[in-house]
Amino acid sequence: TVDGHITASGNISGSVTSDLQHGGATIHHIHEFVAGDDTPDVSGGTLFKTNGSAGTIGNPGLPHVITTFDGGTAGQIIHVLIDDAFTDFTNGTNLKLFRGINATSLTTNDIISFVCEDGTVWREMNRQDNS
């Protein structure tokens, strides 16, 4: 059991029985965005899942129109698993999408990935259509 930092000049081996941490982010864990949050915090991970919902009569639902991500670190890469058909991404000041076009047609099982340029600006790396 190690409760502090390890410094090694060679390889370290062993087994992991819990979430792996790297630079404060939990690796090998899928975090779910808070329903209705259009600037979700991504400081604690690399894999995220959307959580939008459709509206009905008397219930407006909680669709997402994501304009940026909070808590980013320069060089951070995130992958967003689309788990609904009610989450869109808007090209703008902090979110730079492919060809400057909003992502409004993503559906369940699609994936969109971003790299953080400077802590606030996110550039789209790719989209994957898995519908």
Close pairs (6 angstrom Cβ cut-off, 6 or more residues apart or separate chains): free of Cβ contacts under 8 Å to residues at least 40 places away in the same chain and of a type in the set (Asp, Glu) in the range 80-96, open to solvent by 50 Å² or more (accessible area, probe 1.4 Å) and assigned to a loop (DSSP other than H, G, I, E, B) anywhere: Asp88/Thr104
Residues of the range 79-102 satisfying the condition of being in a loop (DSSP other than H, G, I, E, B) and of a type in the set (S, T, N, Q): Thr90, Asn91, Thr93, Asn94, Asn102
Among residues of the range 101-131, those that are among the charged types (D, E, K, R), surrounded by 13 or more Cβ atoms within 10 Å (Cβ to Cβ) and over 14 Å from the mean Cα position of the chain (by Cα), counted: 1
Filtered residues of the range 12-33 (kept if assigned to a loop (DSSP other than H, G, I, E, B) and at pLDDT below 90): Ile12, Ser13, Gly14, Ser15, Val16, Thr17, Ser18, Asp19, Gly23, Gly24
Subset of the range 62-78 that is closer than 14 Å to Met125 by Cβ and in a strand (DSSP E or B) - its residue that is most open to solvent (accessible area, probe 1.4 Å): Ile77
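The values are calculated or read from the model by the stated rules, or taken from the named source; none is laboratory data. This structure is a prediction, so every number in the text was calculated from the model and none was measured. Quick reminder, even Gly has a Cβ in these numbers, built from the backbone with ideal geometry, and neighbours come from all protein chains shown. With ligands, DNA and RNA removed, areas are computed over all heavy atoms of the protein, side chains included. Shrake-Rupley method; radii C 1.70, N 1.55, O 1.52, S 1.80 Å.
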